[in-house]
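I have placed the structure first, in the form of structure tokens, so that the comments after it can refer back to it.
The values are calculated or read from the model by the stated rules, or taken from the named source; none is laboratory data. All figures in this text were calculated on a predicted structure; none of them were measured in a lab. FYI the Cβ positions are ideal-geometry reconstructions off the backbone, even for glycines, and counts take in every protein chain you see.
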Amino acid sequence: MEFTKEELAVMRPFDGSCRATLLWELRQSLPDVYQPDVKRAMKSAIGKLAAMNDDEFDAQGLDTDFYHYDMEDYE
């Protein structure tokens, strides 16, 4: 199961070093999200993360250094 660009974008600011931490941080921040599209992407990412195990998460080959990103990526 792959993540969409939108899901990856909402996960990017969080600690992606392990699935459990990323999942916890997304769940904690969800009540503070008010934009419907962002909330939908977060819920979808949470669902995918919850459905996979750690080995499947690691096999995704995601950049685990999410929180070191360049704001130019979003301009």
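The table that follows gives values for the structure above.
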quantity	calculated
Lone unmet requirement of (1) within 13 Å of F3 (Cβ to Cβ); (2) at pLDDT below 95 for C18	(1)
Those helices (runs of 4 or more DSSP H) lying entirely in the stretch 1-65 with at least 1 residues among the basic types (K, R) and free of Cβ contacts under 8 Å to residues at least 12 places away in the same chain	5-11, 36-51
Positions within the stretch 22-55 being more than 10 Å from the chain's Cα centre (by Cα) and β-branched (V, I, T), in sequence order	V33, V38
